[in-house]
Structure formats: C-alpha cells, structure tokens
Amino acid sequence: MADAFIYDAVRTPRGRGKADGALHQVSTLGLATTALTAIRDRNRLDTKLVDDVVLGCVDPVGEAGGDIARAAALASGFSQCVPGIQINRFCASGLDAVNFASAQVMSGQQDMAIGGGVESMSRVGIGASGGAWPVDPAIAIPAYFMPQGVSADLIATKYGFSRDDADAYAVESQKRAAKAWEEKRFAKSIVPVRDPNGIALLDRDEHMRPSTDMQSLASLKPSFAMMGEQGGFNAVAIQAHPEVEKIIHVHHAGNSSGIVDGAAAVLIGNKEAGARAGLKPRARVRAFANIGSEPALMLTGPVDVTKKVLARAGMTISDIDLFEVNEAFASVVLRFMQAFDVDAAKVNPNGGAIALGHPLGATGAMILGTALDELERTGKSTALITLCIGAGMGTATIIERI
Amino acid sequence: MNLTNFRFEVDADGIALATWDMPDRSMNVITVAVMDELEQIVAKVAGDAAIKGCVVTSGKDTFSGGADLTMLEGLGRQLGAMAKSEGPGKAMKAFFDGSRRLTQIYRKLETSGKPWAAAINGACLGGAFELALACHYRVLADHDKARVGLPEIKIGLFPGAGGTQRVARLMPTGDALQMLFKGDQLRSRAAKSSNLVHELAPAGEVVAKAKAWIAGGGKGVAPWDMEGFKNPSGKVFSPAGMMIWPAANAIYRRETSDNYPAAKAILHAVYEGLQLPMDLALEVESRWFAKILRSKEAAAMIRSLFVSMGELNKGARRPTSVPPSNLKKVGVLGAGFMGAGIAYVSALAGLDVVLIDRDQESADRGKAYSEKLMTAQIAKGRAKTADRDALLARITATPDYGKLAGCDLVVEAVFEDRAVKAEATKKAEAALGKDAIFASNTSTLPITSLAEASRDATNFIGIHFFSPVEKMMLVEIIMGAKTGDRALAVALDFVRAIRKTPIVVNDTRGFYANRCVGNYIKEGHLMFMEGVPAAMIENAARMAGMPVGPLSLTDEVAIDLAWKVVQATKKDLGPAAVDPAQEKLLDELVNKAGRLGRKNGKGFYDYPEKGAKSLWPGLAALQPKKLDADSIDVQELKHRLLVVQAVEAARTVEEGVVTDPREADVGSILGFGFAPYTGGTLSYIDGMGAKAFVALADALAKKHGPRFTPPKLLREMAEKGETFYGRFGAGAKKAA
C-alpha cells in the first residue's frame, strides 16, 4: 500500500456566519476557489497532476449544491482533467474528504488528490438541505433524534459536567485562540479572502471574543432549555438514557461552536507524485477510521472512533502528542478528555471551534492543518484529529510528521 | 336501490337526502350492510343526471359513533383463515383491500362530481366523521351535545378512512397531529374555528342549510382536488416543516414511550401523505391502517377498553335472579379522604348520603370536600352554582349513626383496624333495616373476617375504591365467603349508579389490584437496593407504560403505610413473606430519615412548595452498592416491572380470586394504570403467548428470585398453547 503524504494545507479565515460577517458577500464557490487557488499557487502546482478534488459540504443546496467541488476546480482555473466530488458526513465532512483523498492515494488508484471542504453558513444556512433523519418518523423516532444542543446537554448531564465546567472550557478556548493569533501560529495556513481587486475582505478569524470570562458567560441563558422541554426532546434524551432524571441545560452560544463561513484544502499525494511536483511531504497520514456511535448522545463519536483508530494503527492514547477534538460543544471535548484521561494541555492547544467557529463542511480539513502546523511549531511527531458528527458518528485521523 | 339502513329521497329541486337511520339500533354504526348501501347511494347520485347533489344526515338523535368494531375484528379472523387456505401473500392482499373499502367508498363520494353536504345533527365520531369529512360541505348542529372527532386512537386504532389525510389538509399540521393523537371530541364552536365544519345551525335546520348550500351552487370538488391547492402548513420539507416534524416525532415518544403503534402510524400516514396527491395519500393511509388493524395492541385495547369494559359496565357479573335495586339513600362511615370522596360520587349520582364521623366537625370536613370539588367544577364551567347547592343538600354530615335509618347501602371507610371497623359495623347495623347491605372499603383486611362483626354475613361485602375516588374509574367488589347474591347485585347497582366500572373478586389478602400493585412497588424497591439508579427505575417504569414509577407511587400511598403493610405481612405470614432488602429500605426511610412520602413533603422525592418534585439527593446513600447505568439492561427492568404484576395476576386466577380475564384486564388498567397498550395484566401474557411468558418469567426467576416463578396454571397453559381468554372463556363472547 502506498503512503499518503500531506504536502500542504490551507484555510480561509473564518468569517462570522451572519449577514454582518465579513464573508457574507462571498459565495460558497468563492470560498472554495480561494482555498483551491491558494494551494495551487503557493505550491506552483501543475493541476494536471491532481486526480481528484474531494470537498466536504454539509448543506449542498442552492449555490452550494450540484457538486460544488467540480465547479470550484473549474472556477479556480484547474485543468479541465481535474474532476471533483462533494461529500457529506455532516461535521466531519472536511476530514473525511482528506481521508477519501488519502484512501485513493493509498489504494494506488490515484497519485495526488485534494481533500477539503467549504461552508457558507451565513448564505446557505444550517439545515437548509433538510433530510429524513430529523423529520421522517421512520428514522427520527428509532434514532432518538434530538437537536445537537440537547444531545450536548445530555452528555453534560450524563457525564457530570456542570455549567461552570463548560464555561471554564470555553474561556480557555478563547484564551488559547487569542494567544495563537498573537503568536502567529496560524500564519502558515491562513489565506485571506480577497475581492476581485485583491482587497482583503478577511485575513483573521472573525468570531473570536478574547475578552470572554466566566462572568460574561454567566449572563447567557441556556440555548436549548426551551427547545428541550417544549419540543419533547428532553423526554427523548431521558428515554435513551433513563438513569438521567432531568436534563441540565449547560450549553449556550458562548460554550458552543460558532456559526461561521470558510473553506480549506489539503494536498495529498504519494511519494512519486510529490517528487513530480517538486514538493516535500510535511507529514504522513498514518491511519483513519469512521464509526457509528450511540445516536442519542450523538456527539460522543470521538471517543469510540479514537479507540478504533488507535487499535487499527496499533497505538495507544499515550502515543499521541497532540489532539484536535472539534469543539462542537464544550461537553464533547470534556467527555473526550474524561474518557481517555488525557492532559488538557495536549487537547486543542490553539483553541477550537468555540472561539474560532465551525464552518461545518470545512472544519475537519481546517483542524488537520492546525494540528500539522502545531506539530511543526513544537517539533512533536503525532497528532490525532477527530470530530463528533450528527446522527451519532465519529471520524478520526492520525498524522505523523516525516 | 334496496335500502334498509338509509332513507333516500330526492326533492323537487333535485337535491337528494340520504337519512341514515338503522332499524333496531339506537345509534347508527358502520357495518358491512351500511357500506353496501352507501356505495349504492353514491353510484345513484353520481349516475342520475336528475340529481343535483346529496345531503347525508341521521335519523337518530346523534349522527353516528363510527364503525362497528366487531366488523374490524372479523377482518382479522378472515385473514387468518385465508392465510391457511390460500397462502399468506394472497390473504394479506385481500385483507388490505377489505380494510380500505370504506376509504374507497368515501373517495368515490368525494370525486363523484356532484356536491355532497353532511348535515350533522349530533355526535359524529370516528368513521362517521370521516364520512362527513369526505363531503364537500359540513353543517353541524350548534347544540350542547353536538360533537365531532376521531377517537380511534383511544382503542389502539387510528382514523383509516381518510381521516388523517383530510384533517391534515384542513388544519395546520401541528394542530391536526394533536387532534389525531389525542382523539379529542370537539364541540360545535371548536369544530367551526378549527375549520373542520363550514357552518353551524340549530339541529332542526342542518338539513335545510346543507340543501341551501347545494342549491346555491356548492361545488362537488374538494379543495385538495383543485389545481394549486396548498396544505395549511405548506410543504413538509420547508422551514415551517422543520419546525413541526422533529418536535412531533419527539412528542410522540414523550407521550407514548413508543409503545403505541397506532399513534406512530398517524405520524407516518400524515408525513408520507402530505407529500402525495390525495389518491395516493389515501392508499398510504390504508397501508398503515391495515398494519395497525393487525397489531396486537389494537386487538388488546379494543377487547379490554371497549368490549370488556362495556360489558362490565352493563353488569356482566350481576346475578340475574335479583331484581334491580332502587337505591335512594346510602351511608358512608368515616369522613376522611376516602369517605369524603365516596360521599361525593354518591351525591353526584343523585343519591342521598349520610356521611358519618366521630364528631360534627370531622363529618363537616368530609362534606366540605364535595363543596371544594363542585366549586372547582363551577370554575371550569362544567357545573352551575345550583348544581353544587343541590349536591350539598343531598349530603347529611353527622356523628349520629341513627341517621342511617332507611339507607339501602352503607359503605364503611373508617381506619384500617379490625376493632374500629367492628364497632362501626355494629353501630351502623343497629340503625339499619335488616335488608340493608353493608360494605367495607377496606384495602387490606379480608372481608370474610370483617363480616364476623356483622349480624348477617350474607349482606356483607367489600366495595374497594381507589384514590382519589372521584377520579379513579375502577371499583373492586370483594365477595366474602358468605356474601350473598343480593349483596353483590346491590353493590353492582351502586357502582353502576355512580358510573364506575366494577370488577368482582373473591376474598384474599390484598384482593386483586393491591396484590399486583404491591409487587410493582416492591420490585422498584428491590431494584433500588440492587443499585439501579432511582431515576432509571422510575423512567423504566414509565417507558414500560406505567403511569407512575414505583418510587413515586410509594410516595403517593405513603412510605410509612408501605412499612406498616410489610410489618403486618410479617406478623401474619411470618418473616419469610417479606423481603429483607425492602424492609431495610423502608426502615431507613421511615424510621431513620423521617421520610413518609408526599404527605410530609419528603419521600423518595422532595416536594418543594413551588416547582416540580425531584429525587431526594440523599437516596444514593441508602443504596448498599451502585450499578454502572450503562451496564444495566433497561429492557429487563421494564420486563421485571410488568412481569412481576402479570405473574401475580395469573396467581389470582389460579387461586380463584379472579374468575374472569376481562376483570383482571380492565381492573389492571383502570385500577393501577397497567400498561394500557397491552390490554391489561392477562392480555399482556396472552399477547406474548403463555410459552414465551413462562420462559421470560423463568429466566427472571433464575436471576432475581422466586417472585417471578410462574404458577402451575401458566405452565399448563404454556404446554397446551392456551390463552386466558380461550381457557376461561367469558371474554370470548363478543358484544356489538
């Protein structure tokens, strides 16, 4: 089996996912082409060498619909021989896109491919693509469907994380993200989004609130209490986990991931393709895995999939130097750290989606790049990147520096 | 046309009137003959150019209560027979076609090209309201007794003759689902404001109004068959739909714990149907209807909650040799919570009541309870001040036993103590005529022994009410060893007068209901001592279909009472009759922690003055060990909580305490809320099959102890492949 090497990773800054966000005027296509052209240009890549572009996108409808990956490759001026495919595994789509690209390289069917993702949450809107899972009784009922925030609150209740625990985690995320920007730790990967004249629309993550503290968070009301009670979802949560007497709602906008716009791309190839392009590999994709987890808790997949990927790679948790665990909600990361008893300093050292935002289809590829940058910065070797996923799934990837 | 159930006439304007008026029945009901005739009428109206349109009305006081449930049961029997003779595939197709005949007749009516109007003169429910919904115009009488609704869900079915599709096209989806889920009956104004009928009119004018609509050019096309029709809530996949459906699915689970397939079928039918044109939508509804019609839940609920309950209410167990007793005046001894409630329901039924307690003040307090209940009714608009005054005037509160003179029946509800009861019996009998029946409301003491205090044990009987009396529909009548037929007849006449459902059981410790309930409560206590989290016990119980968890129920009946019952059991039957783990738990709660239950605001739960109760945080410290929640098999907890009751019910049958499976089933649902979707304790066993039940109970006994060991009777039934209804027969007799 061929090795899949990571030759480069880029991402846009994350724009606040609202009408007043800096990237609201940029189309989904525009975000995706920003990432694709950047990875081409900074590597002086002959795009004829690229066998496929795999992009994650969670709400692929309207301007994001109809195979945005092919549209983006063409709009980026890639050779017409570069095809594109859009995939969707909800929040892990961006990482799965990288894994799919890697798998094609590893299997020997392709030499070089780009994995990445894009999401304009401000323009398309979360949930815009609908779907059977929350709506059709044939799946919503047996799968104990509930909104993710209620599942996150269920995780907090079941595993004993208080509002203070969640808020403290959020404050730390903001602090770490602010420090990372201050020390320019993201500089290697960030590509500004520009207008047709080259004027930068955004060159910095826009969602951060570095001044966040426990007091400011304390004033926020739980976001999912009313929905949980009136929508019947608390009862669903309790029937799935009947040891819980009542759901304690701890999550709010300040300790949940931010809604943002953005895109990312990761260049994957075998050794020969890298040599042909004149590129040096930065890291190797050591292993990856996907898993289905308990659908009511929904967001504990990172625990299950980490066990699986470690077993596949013949590794233990202590072999990992660095973890990127997507901060969909504070309780997701708190549960991950509790389950593996890992040092909090090793987990999301540069903050995460609570501070920086979670552009659904792109996040997985973004945090893989963040992990790679951090390994290089600290001289460490191995990182595990994982995300929780709607409907109860997990994706994880282990990378190691060359 | 050859009509016997309808009258059909065409007036000078060419407007037909089909008057549904079944001979030899007080109410119209949909039967095969009715369907045959309706089909003829539809064909006639559609095909006769001289007929402009048709009005459907009823010749009875009410319109109709809907379909004949025994007809639906018949379809199931035909399926079974045909599956044997012609194979399951062909049989299923025939069953499906048969089950959707009504929906097809209604659709023919709706698409006949002629305008149809329903003139609804009174209550119009179920399949009959579905007929009205298929008409293009509905006029409803505006009087107090007029109701429309689709109550099928209450007996485990759902409206399968177009009801789900037409309601969901008339009302916003959320409202439609709620109406279908709850099976509520709407009064005329609500029906109008919900868009379910077009016009209200005095009962005498509904036909004229309906005709006027046709004469005025009413169109024979349903809104959903017109170009450009939009559902009231728009498309299923729309932002509005995303607000409705996830919550609807969740609320379904909240309200049913996913135990009621008919309710889920409503969701399926509406969700799928709203995405289809009407003909296909009706076909999809029919597919779910056929499936639900074959469900064991529907069969069990129809039998227990409709057929058996109806039979028991009509006095199925009443000795026919005794002429009807003309009850006028009853006595109630003891004006505590139970006595006060018994006085209230008796007075509400129009009986004169003598309510006795040791002093005037105590007796008055008991009477004040009736005042409180009536005042609440007035506040809700369900009674008038005059009703309250009249009711209170019928209750004489007094400490004077002499006032009992002339009572036909006395119900004793004094303290659960033999000596106190014996004294009350003697004092009362001193004032009563020799034919008067004396009944004890005891919940624990055997009737035969209490009867020893009476001058005539043949006139002594148990009438066991459940608390709160005014809400609980079941009354358990207990036959002492010497209780005579007349006492039973009078007791049953009394229960009928107060509009409750009686079951008749023979004398034993705990009778029927409390034996099952006692086991249920105890199982919860034992789970707790095993280390199952308290919340999980409570949730598992509710998920199994019980209305209240066993710990919460202990709080309601009082923990010190549970402690006393355990002590009394130990005293009477020896230490082996009680479980030491349960005894220890109750001792800790009552004697060490002073937690007596809801009555002192401290039980398994804390009861804050404001807000909802919550489990007492100190509970965990009472558990000798704690199990990891994720390692516990919740399905097994649910099984334990139901099986431990059902196996006790089977024992009561074996012992001859309960003699009729209808009574065990109806009694379990009405008396202690035993998972209604099962049809009751014995239907739960029958539905699973005796063989499977015995295997389950044996497995539980092996793991958790002999309280699950099935009685010999069940083993024998398992071997022979028998059911309770097959073996004990009474329920095999079906009434219309």
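Restricting attention to the stretch B:239-249, the residues being facing chain A (nearest Cβ under 8 Å) and either open to solvent by 40 Å² or more (accessible area, probe 1.4 Å) or more than 20 Å from B:W288 (Cα to Cα) (or both) number 4.
Would you pick out the residues in the stretch A:112-126 that are of a type outside the set (V, I, T) and assigned to a strand (DSSP E or B)? Selection gives A:M112, A:A113, A:G115, A:G116, A:G117, A:E119, A:S120.
Within the stretch B:499-518, can you find the residues that are in a loop (DSSP other than H, G, I, E, B) and crowded, with 23+ Cβ neighbours inside 10 Å? Selection gives B:F511, B:Y512. Residue count for the stretch A:218-233 satisfying the condition of being polar (S, T, N, Q), facing another protein chain (nearest Cβ under 8 Å) and in contact (Cβ under 8 Å) with a residue 60 or more places away in the chain: 0.
Quick grid of which residues meet (1) assigned to a strand (DSSP E or B); (2) out of contact with any strand residue (DSSP E or B) (no Cβ under 6 Å at 6 or more places or on another chain); (3) over 25 Å from B:D630 (Cβ atoms); (4) more than 14 Å from every other protein chain (Cβ to nearest Cβ):
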| site | (1), (2), (3), (4) |
| --- | --- |
| A:G262 | yes, yes, yes, yes |
| A:A265 | yes, no, yes, yes |
| A:L279 | no, no, yes, yes |
| A:R286 | yes, no, yes, yes |
| A:A289 | yes, no, no, yes |
| A:V303 | no, yes, no, no |
| A:K307 | no, yes, no, yes |
| A:L310 | no, yes, no, yes |
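Within the stretch A:119-156, being open to solvent by 30 Å² or more (accessible area, probe 1.4 Å) and farther than 20 Å from A:V61 by Cα holds for A:A138, A:I139, A:P142, A:Y144, A:Q148.
Mind listing whichever residues of the stretch A:127-156 are part of a loop (DSSP other than H, G, I, E, B) and either in contact (Cβ under 8 Å) with a residue 24 or more places away in the chain or within 7 Å of another protein chain (Cβ to nearest Cβ) (or both)?
A:G127, A:A128, A:S129, A:G130, A:D136, A:I141, A:A143, A:Y144, A:F145, A:M146, A:P147
Just one of the listed residues (B:A439, B:A424) is within 15 Å of B:D456 (Cα to Cα) and either part of a strand (DSSP E or B) or not assigned by TED's automatic domain parsing to the domain that holds B:R455 (or both), and it is B:A439.
Checked against (1) outside any loop (DSSP other than H, G, I, E, B); (2) modelled with pLDDT of 95 or more; (3) open to solvent by 20 Å² or more (accessible area, probe 1.4 Å), B:A265 meets all criteria but (3).
Does B:G667 count as touching a residue at least 60 places away in the same chain (Cβ under 8 Å), in contact with a Lys or Arg (Cβ under 6 Å, 6 or more places away or on another chain) and either in a helix (DSSP H, G or I) or under 18 Å from B:L553 (Cβ atoms) (or both)?
Considered against the rule, which asks whether it is touching a residue at least 60 places away in the same chain (Cβ under 8 Å), in contact with a Lys or Arg (Cβ under 6 Å, 6 or more places away or on another chain) and either in a helix (DSSP H, G or I) or under 18 Å from B:L553 (Cβ atoms) (or both), B:G667 comes out as no.
For the stretch B:371-397, give me each residue that is open to solvent by less than 50 Å² (accessible area, probe 1.4 Å) and in contact with a strand residue (DSSP E or B) (Cβ under 6 Å, 6 or more places away or on another chain). Correct list: B:I395, B:A397. Which residue, of B:E716, B:E655, B:E636, B:E722, is open to solvent by 30 Å² or more (accessible area, probe 1.4 Å) and either assigned by TED's automatic domain parsing to the domain that holds B:V469 or touching a strand residue (DSSP E or B) at 6+ places or on another chain (Cβ under 9 Å) (or both)? Selected residue: B:E655, the only one of B:E716, B:E655, B:E636, B:E722 that is open to solvent by 30 Å² or more (accessible area, probe 1.4 Å) and either assigned by TED's automatic domain parsing to the domain that holds B:V469 or touching a strand residue (DSSP E or B) at 6+ places or on another chain (Cβ under 9 Å) (or both).
Among the residues in the stretch B:554-571, are any open to solvent by 30 Å² or more (accessible area, probe 1.4 Å), of a type in the set (V, I, T) and over 27 Å from B:D258 (Cβ atoms)? Checked against the condition, which is being open to solvent by 30 Å² or more (accessible area, probe 1.4 Å), of a type in the set (V, I, T) and over 27 Å from B:D258 (Cβ atoms), the stretch B:554-571 yields at least one hit.
Among the residues of the stretch A:187-209, those identified as of a type outside the set (D, E), in contact with a helix residue (DSSP H, G or I) (Cβ under 9 Å, 6 or more places away or on another chain) and surrounded by 15 or more Cβ atoms within 10 Å (Cβ to Cβ) are A:K188, A:S189, A:V191, A:P192, A:V193, A:R194, A:H207, A:M208, A:R209. I'd like to know if the stretch B:224-233 contains one or more residues that are more than 14 Å from every other protein chain (Cβ to nearest Cβ), of a type in the set (A, V, I, L, M) and either more than 28 Å from A:F233 (Cβ to Cβ) or open to solvent by 10 Å² or more (accessible area, probe 1.4 Å) (or both). The answer is yes; a qualifying residue exists.
Mind counting the residues in the stretch A:269-303 that are among the aliphatic types (A, V, I, L, M), open to solvent by less than 10 Å² (accessible area, probe 1.4 Å) and touching a Gly at 6+ places or on another chain (Cβ under 6 Å)? Here the count works out to 1. B:L180 meets the stated requirement of being crowded, with 20+ Cβ neighbours inside 10 Å and within 14 Å of chain A (Cβ to nearest Cβ). Scanning the stretch B:531-546 turns up no residue that is away from every other protein chain (no Cβ under 14 Å) and either in a helix (DSSP H, G or I) or open to solvent by 10 Å² or more (accessible area, probe 1.4 Å) (or both).
From the list A:L334, A:L360, which one is part of a loop (DSSP other than H, G, I, E, B) and open to solvent by 10 Å² or more (accessible area, probe 1.4 Å)? On inspection, the qualifying residue turns out to be A:L360.
Quick one: which of A:A170, A:A237 is touching a Leu at 6+ places or on another chain (Cβ under 7 Å), within 14 Å of chain B (Cβ to nearest Cβ), surrounded by 14 or more Cβ atoms within 10 Å (Cβ to Cβ) and at pLDDT 95 or above?
A:A237
If we scan the stretch A:209-217, do we find a residue that is hydrophobic (A, V, I, L, M, F, W, C), in a helix (DSSP H, G or I) and away from every other protein chain (no Cβ under 14 Å)? Within the stretch A:209-217 (the criterion being hydrophobic (A, V, I, L, M, F, W, C), in a helix (DSSP H, G or I) and away from every other protein chain (no Cβ under 14 Å)), the answer is yes, since at least one residue qualifies.
Among all residues of the stretch A:345-368, there is none that is polar (S, T, N, Q) and over 25 Å from A:N255 (Cβ atoms).
Contact map, the stretch A:240-259: residues that are surrounded by fewer than 23 Cβ atoms within 10 Å (Cβ to Cβ) paired with residues that are part of a strand (DSSP E or B) and not hydrophobic (A, V, I, L, M, F, W, C), Cβ distance under 9 Å, separation 6+ or inter-chain. Pairs shown: A:E245/B:S614; A:K246/B:S614; A:I259/A:R16. I'm checking my understanding of the structure. Among residues of the stretch B:336-357 that are open to solvent by less than 10 Å² (accessible area, probe 1.4 Å) and small (G, A, S), which one is farthest from B:T425 (Cα to Cα)? The qualifying residue farthest from B:T425 (Cα to Cα) is B:A347. Of the helices (runs of 4 or more DSSP H) that lie entirely inside the stretch A:1-111, those containing 3 or more residues that are β-branched (V, I, T) and surrounded by 17 or more Cβ atoms within 10 Å (Cβ to Cβ) span A:28-41.
Whenever a residue of the stretch B:268-287 is open to solvent by 10 Å² or more (accessible area, probe 1.4 Å), its partners that are among the charged types (D, E, K, R), lying with C-beta atoms within less than 6 angstrom and at least six residues away or across chains, give the pairs B:V284/B:E272.
The values are calculated or read from the model by the stated rules, or taken from the named source; none is laboratory data. These figures come from a predicted structure and were not determined experimentally. Methodologically, a virtual Cβ is constructed for each residue, glycine included, from the backbone with ideal geometry; neighbour enumeration extends over all protein chains shown. The area values use the complete protein model at the heavy-atom level, side chains included, leaving out ligands, DNA and RNA. Shrake-Rupley method; radii C 1.70, N 1.55, O 1.52, S 1.80 Å.
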